[in-house]
Amino acid sequence: MSLPLFSTLREMGLPMPQGVLQVGASYGQEMREFLENGIKAGVFIEPLREPFEHLSSICMQLPNFVAVNTLCTDESGKEYTFHLASNGGQSSSILKPARHLEEFDYVKFESTTQLISNTLDNVTEFLRNNGHAPVVGALDLLYMDTQGAELKILMGANRTLKDIKYIFTEVMRGDLYEGQAPFLQFCGYLDAIGFTLNNMYFNRNHAGDALFIRKDVVGVRH
């Protein structure tokens, strides 16, 4: 991701996050950044087995860091066809690739797998009820990289989002994936539930990052 999340929060004089809920954590590439910036607890969600096993091995070495192997969407118990990408799974998605095949022509989608979904609310409730309540209670940053499925994930996280101050997420425009939510619809949904867009960036391939902050944290009226 290209926006400087933690330095932006420091420049604004905002409280630094203490716990991260990362959806699409892959192999744990951001783990060092989280640790260097004071993250004390975390839940790291990755649906694919190979990256999850690596992610889990990292979390087992860190207190209050929990890895979860599941697919998150707006409902639990639904079977999805997950489109597997050749770049170590990093571009894999529940959405079928569209312009992604042109913009990132070096990434191939040659196979699929079937996965069963969970909502973020169900994941955090399960963890809270099974020995990880302090970890869940510390989560105030939602960090997403899920290839066009971000809005679906938010729609399954109503209870979880009540304790979130910051949302740092991959964003897309130009139909990189079929059925991907338009960026302005994404912004509108977050605005309606109490988050304001603070920063955004798109690269020449129409993928980028955005930082949303809970309105009461920055003193914005609903």
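The values are calculated or read from the model by the stated rules, or taken from the named source; none is laboratory data. Computed from a predicted structure; not experimentally measured. Cβ coordinates were reconstructed from backbone atoms using ideal geometry, including for glycine residues, and neighbour counts include every protein chain displayed.
In region 199-222, of all residues being more than 21 Å from Gln147 (Cα to Cα) and out of contact with any Ser or Thr (no Cβ under 7 Å at 6 or more places or on another chain), the one that is modelled with the lowest pLDDT corresponds to His222.
Yes/no matrix, rows are residues, columns are (1) surrounded by 20 or more Cβ atoms within 10 Å (Cβ to Cβ); (2) within 15 Å of Ile94 (Cα to Cα):
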{"position": "Glu150", "(1), (2)": "yes, yes"}
{"position": "Ile167", "(1), (2)": "yes, no"}
{"position": "Leu176", "(1), (2)": "yes, yes"}
{"position": "Phe183", "(1), (2)": "no, no"}
